[in-house]
Amino acid sequence: MALFMTPLPAFRAPWWLTHRHAQTLYGALAAPTPNPAWIRERWSTPDGDFIDVDLLQGRPQAPLLTLFHGLEGSTGSRYLRAIGWAAAACGWHVLAPNLRSCSGEMNLKARIYHAGDSVEIQWILARGRERHPAVPRFAAGVSLGGNMLLKWLGEQGTEARTLVDRAAAIGTPFDLRLVAENLSRGFNRVYTRHFLSTLKPKAEAKARQFPGLFDLAGTLRARTMREFDDHFMAPVHGFADAHDYWARCSSGPWLGRIDVPTLLLNALDDPFVPHEALPGPTDCSPAIVTDFPGHGGHVGFVSGHFPGHLRWMPGRLLDFFSAPAGTSLAPPDRSEWVPAIAP
């Protein structure tokens, strides 16, 4: 693989992969993606638990990029591998936590991870600053990880600038209620079954660790995200029910308070995120740049000739992060030049 510079157009799905579900599924399951040479560390959390963090070492004084994966993802997810590999190919440092319960080994506490866990985001970003105190620091979150990051950015306001210089969120479920309801309809139930196929075994493991903590029978009967969140996510993480969890953890209400320059990248045909969940201009602070291509599915953005590749989305992020101060951060046109990865 070699690094070169190429003009980055606005995203266009290839003729052979235009459908929203095809983009989503092929991007997640089959698109050729490099494997970064992650270096794993185990970090002890302030509450006596642990997370497993994967790292890529960059050049001295190069930027640090911290990556947050989505629901039931990990550093093995194709989208995270693609971003991490592209950043490392540019010589950047990469820090990619596997959220609690997502590294292949069950965590110790009763809780796992959840959509609004901004305390965890704060702690991880602060650890990143300790390691790299004098370099540009960027953060990107994908899907649920994007929601977590945006909520933290909004809560912190101007204080977030002490930890990150720019941020990006990709495929974000800005309104958790609308997205959960959308995932219970039609073909989207395939995605729900996929998430529940790994979430339910985690709930069973937690029931063995902490008997009586929640309604395990109700959790295992769950067929929708609302039912699962009602029986497991909400009670385990201190929420009254699924609706309370969604209302308190959705990132949409926080967008107006974000002070760090932030890119929101969502495909308009994302099967997870309905149009009514997407923020409008009045929902966003002046620090936010929205880039909503017509195609791309849910964190797919597969492009190129068959068998395709996942280079466009990492290139869009690196372009946004590395643009000189004072330049436009708006969506790119064909005249812009950004790093890309070529076979």
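Per-structure values
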{"quantity": "Which numbered condition residue 131 fails, given (1) surrounded by fewer than 16 Cβ atoms within 10 Å (Cβ to Cβ); (2) closer than 17 Å to residue 297 by Cα", "calculated": "(2)"}
{"quantity": "Output for the stretch 154-175, where each listed residue is surrounded by 17 or more Cβ atoms within 10 Å (Cβ to Cβ) and more than 14 Å from the chain's Cα centre (by Cα)", "calculated": "154, 155, 156, 160, 163, 164, 165, 166, 175"}
{"quantity": "Where residue 138 falls short, out of the listed (1) touching a Ser or Thr at 6+ places or on another chain (Cβ under 8 Å); (2) of a type outside the set (A, V, I, L, M); (3) over 30 Å from residue 271 (Cα atoms)", "calculated": "(3)"}
{"quantity": "Wholly within the stretch 44-159, strands (runs of 3 or more DSSP E) carrying at least 1 residues that are in the same structural domain as residue 194 (by TED's automatic domain parsing)", "calculated": "none"}
{"quantity": "Residues within the stretch 281-310 that are of a type outside the set (A, V, I, L, M) and either over 17 Å from the mean Cα position of the chain (by Cα) or at pLDDT below 95 (or both), tallied", "calculated": "16"}
{"quantity": "Flag for residue 84 being out of contact with any Phe, Trp or Tyr (no Cβ under 7 Å at 6 or more places or on another chain) and within 18 Å of residue 38 (Cα to Cα)", "calculated": "yes"}
{"quantity": "Residue match in the stretch 218-238 (condition: modelled with pLDDT of 95 or more, small (Gly, Ala, Ser) and under 22 Å from the mean Cα position of the chain (by Cα))", "calculated": "yes"}
{"quantity": "Residue 242 in contact (Cβ under 8 Å) with a residue 40 or more places away in the chain, of a type in the set (A, V, I, L, M, F, W, C) and closer than 26 Å to residue 300 by Cα", "calculated": "no"}
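The values are calculated or read from the model by the stated rules, or taken from the named source; none is laboratory data. Since this is a predicted model, take the numbers as computed values, not measurements. Note that each Cβ is placed from the backbone with ideal geometry, even for glycine, and that neighbours are counted across all protein chains shown.
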